[in-house]
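All of the numbers you see were taken from the coordinates with simple rules; none came from a lab. Keep in mind that this is a model prediction, so the values were computed, not measured. Quick reminder, even Gly has a Cβ in these numbers, built from the backbone with ideal geometry, and neighbours come from all protein chains shown.
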Amino acid sequence: MTAFLKDLSKFYGTGERNQAGQTLEEFLEGYDSYKYQTPSCTADAVIFSSAEPLTKELRGLKLLLVKRSNHPSIGFWALPGGFVDMEENLEASAKRELLEETGIGGLPMEQIGAYGNYDRDPRTRVITTAYMALIQGREPEPAAGDDAADAVWCELELEEIRCGADSGAEDMSGTGQQEDRAEVRTYRLTVKNPKKDLDTHALVERKMHPGLIREESFAVKDGGMIAVDHAAIIVQALTILQERCGK
């Protein structure tokens, strides 16, 4: 196959040949990109709006959601997002999908995480990169497009309903000692839009390991009418805002 990129100048290294005696061009000519199964990549955007300056309680915060018009999760509500093009950076993909599905663009975005459980999409292995943006002041009116059946601003509530330690901590180091127990918090996320007859709840579990390296995960326990693992992404974004507003 020919090289994926036209400009190879960044990839010559020391310019020597590999163990098979190949130059970079010769190596790329014989490289089979289909030798291994590879995941597909998507980008999803958590778009908030707030008419007033935010406090830790996040009162008045709204969330932009789209209604899925096709399988999987048809009829459920989801974050704006979609597949990354081959010659497109992740952030550009998130912004493009947002514009195509809601008509809203020009927002600065922050990457907040990646979600890649193997069973998150029935079509193929899909890994998504999540982004977050905040609109201060009056939110623009969304216009559903592309594969979105609808696009709406929703009211939000986030309630922490449980906090404790993970009793199932295992020895992961091979030393025979139990790892530090993770702190586990369970959140109830409520999403509402009375005009669309939308009133759904999701339960999301947040697991945090203490220490200098802070392993953290968000997992959906009950997604309600929110597609796939998007409730977990939303809760992660909300906790980031809470922590920043609390400083």
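Points to keep in mind about this one:
- The stretch 177-233: trypsin sites (Lys or Arg not before Pro) in DSSP coil with no more than 14 other Cβ atoms inside 10 Å: ARG181, ARG214
- LYS195-ALA92 pseudo-label distance in nm [points 7 Å out on the Cα-to-Cβ vector]: 3.4 nm
- Amide H contacts of ALA114 (H built 1.01 Å from N, under 5 Å, at least 5 apart or other chain): ALA130
- Under 5 Å, built H, 5+ apart or other chain: amide partners of THR42: VAL84, ILE127, THR128, THR129
- Relative to the longest principal axis of the Cα atoms of the chain, helix 230-245 runs at roughly 70 degrees.
- Nearest 10 degrees, 0 to 90: helix 90-102 Cα axis against the chain principal axis: 50 degrees
- DSSP loop chymotrypsin sites (Phe, Trp or Tyr not before Pro) with at most 16 other Cβ within 10 Å: longest gap in the chain: 119-247
- Remark on MET225: its backbone amide H falls under 5 Å from those of HIS201, a criterion applied only to residues 5 or more positions apart or on other chains, H modelled at 1.01 Å from N.
- Calculated [222 nm] ellipticity per residue, helices only, for the chain: -4500 deg cm²/dmol; basis is -39500 (n - 2.57) per DSSP H run with n ≥ 4, divided by all residues, nearest 500.
- DSSP beta bridge pairing in the chain, given as percent antiparallel to the nearest 5: 80 percent
- Using C-alpha pairs below 8 Å separated by at least 6 residues, the relative contact order for the stretch 96-247 is 16 percent.
- Karplus-derived 3J(HN,Hα), 6.51/-1.76/1.60, for each residue of the stretch 119-131, Hz, glycine and proline x: 9, 8, 8, x, 6, 5, 5, 10, 10, 10, 9, 9, 10
- For the stretch 31-87, applying the loop criterion from DSSP together with a ceiling of 10 other beta carbons within 10 Å to the trypsin sites (Lys or Arg not before Pro) yields LYS35.
- Cross-link table LYS95/LYS221; LYS35/LYS67; LYS62/LYS95; LYS67/LYS221, entries beyond 27 Å C-alpha to C-alpha: LYS95/LYS221; LYS35/LYS67
- Span from the the stretch 128-156 Cα centroid across to the the stretch 11-53 one, whole angstrom: 30 Å
- Highest-fluctuation residue, ASP199, ASP44, ASP150 considered, GNM on the chain with Cα pairs under 10 Å: ASP199
- Label-to-label distance, nm, for residues given as SER33 and MET208 (7 Å Cα→Cβ offset): 4.1 nm
- Pairwise Cα inverse-distance average, inverted: Kirkwood Rh of the stretch 62-155 (Å): 14.0 Å
- MET132, MET109, MET208, MET86 arranged by Cβ crowding within 10 Å, fewest neighbours leading: MET86, MET208, MET109, MET132
- Phi angles across the stretch 26-34 convert, under the Karplus curve 6.51 cos²θ - 1.76 cosθ + 1.60 with θ = phi - 60°, into 3J(HN,Hα) values of 5, 4, 5, 4, x, 6, 9, 6, 9 Hz, Gly and Pro given as x.
- Label reach from PHE83 (point 7 Å along Cα→C-beta): in the stretch 117-135, amide nitrogens under 19 Å belong to 117-130.
- Two-decimal Rg/Rh across the chain, once Rg and the Kirkwood Rh are taken from alpha-carbon atoms: 1.05
- Charged-residue dipole, Cβ positions (Lys, Arg, Asp, Glu), the chain about Cα centre, Debye nearest 20: 560 debye
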